[in-house]
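Here's the structure, in structure tokens; my notes come after.
Nothing in this text is a laboratory measurement; each read-out follows from the coordinates by a stated rule. Only a predicted model underlies this, so the values are computations on that prediction, with no experimental measurement involved. Cβ: placed from backbone, ideal geometry, glycine included. Neighbour counts: every protein chain shown.
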Amino acid sequence: MTAPVRPARVAGPLRVGVDIGGSKVAVLVVAADGAVLARRSVAAVSSEPDDAIAQITGVIRDAVAEAGATMAEVEAVGLGVPGRVDTASGDVTFAVNLGWQHLPLGRRLATSLGVPCVVENDVRAAAVGLHRDAQFRGPDDLVYLGIGTGISAGVVLDGRLHRGVRGLAGEIGHVVLDPDGSACACGLRGCFETIAGGAGIARAARTAIDAGEATSLAGGDGTGRDRASDGPSAADVFAAAETGDLLARRLVDTAAAAIARMIHELVLAYDVELVVIGGGISRAGAPLLDRILAGLKRIAAPSAFAAELLSETDVRLAGPDHDIGTRGAIALLDPVAKEVVAREAMV
Ligand SMILES: [Zn+2]
């Protein structure tokens, strides 16, 4: 590894953003002016709390060292976690994909690192980050649609993150689109994420293969992964759709149509100016966005009202190299965001 190059002058206290995902933990260290000083990531975090705290502490310390700094120069750490978070205490109540329950993440990391740690649900943190992002113009009313293994939305209204009374505003992955559809982990059937989430797409492909449908997804993929036992991933399905595989195209078209319908419903519910789609699905890139935009056109075609609403809504994909999760975690540390957290703690 090359020696870190210490910036000539660090413009004030540093901030650290941590994006904890099911498959990796990403860390970004920025100066007070937002300049990136270091990036680090490690593979999947442990489901065992003590190991997880040690891993996260380690990667944060490594990233700060890479920035040529010490923890004493860090003002605060923001963390986005895929799960239910008590933002007043920084406790992760439930993170099903990480295997965590009632983990006092914020307090344990603050003790271990010696700096304040602010914790928020990852998708909601990303929405806060977008609001402050020059690239996305940061309008006061926006939705961030996080589509990975599951789906949820972060909603910023009138410049403030909308959490709702239970902190569950935006859990649209469990809106039922097909009451007779596939079983969802939540107990219902045909939820949005069973149709457009990564796990749902992969499961639908596997079901079709098991039913004998002809598809290139049933064969070897050259990666050494045994599709016969593992089944194709959602990424495999998106890739196969671009090569003309009929099953893959049907699944991707169905997912894109469902995403378009949900965007229309989000715009109707919240009257937002910007919808940004991120998460693992955003790696599918322009072909996916084209399908979603085509779906929005189909929705708008018979309705002047829908056409007006959707023509005035900016729908974009967040590129995978945008640091959307870590920048969102850092945005939690802004005075405005801290003020919101403090206000909620008093209620
Ligand atoms: Zn569900």
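Cβ crowding within 10 Å, taken as a proxy for footprinting-reagent exposure, orders Phe192, Phe305 from fewest neighbours to most as Phe305, Phe192. Given the C-alpha centroids of region 157-208 and region 46-112, what is the distance between them in whole angstrom? Measuring centre to centre over Cα atoms gives 26 Å. Database remark: amide H of Ala38 closer than 5 angstrom to the amide H of Val29 (H placed geometrically; neighbours at sequence offset of 5 or more, or on other chains; Pro and chain starts carry no H). Rounded to the nearest 500, the helix-only mean residue ellipticity at 222 nm of the chain stands at -12000 deg cm²/dmol, with each DSSP H run of n ≥ 4 adding -39,500 (n - 2.57). Of the residues Cys117, Cys186, the one with the fewest other Cβ atoms within 10 Å heads the list, and the complete ranking is Cys186, Cys117.
Seen through its C-alpha gyration tensor, with square-root eigenvalues sorted a ≥ b ≥ c, region 1-146 comes out oblate because a/c lies at 1.5 or above while a/b is not bigger than b/c. DSSP beta bridges confined to the chain are antiparallel in about 60 percent of cases.
The simple spin-label model puts a point 7 Å past each Cα toward its Cβ; for Ala307 and Ala286 those points are separated by 2.7 nm. Applying the Karplus relation 6.51 cos²θ - 1.76 cosθ + 1.60 with θ = phi - 60° to region 162-167 yields 3J(HN,Hα) values of 9, 9, x, 5, 9, x Hz, where x marks Gly and Pro. Rg of the Cα atoms in the chain, relative to 2.2 N^0.38 Å, amounts to 1.02. For region 138-317, the relative contact order works out to 22 percent when only alpha carbon pairs closer than 8 Å and six or more residues apart are counted. Taking amide H as placed 1.01 Å from N in the peptide plane, the amide H of Leu317 sits under 5 Å from that of Ile277, each at least 5 places away or on another chain. Semi-axes of the equivalent ellipsoid for region 138-317, computed as √(5λ) from the eigenvalues of its C-alpha gyration tensor and ordered from largest down, come to 30, 18, 15 Å.
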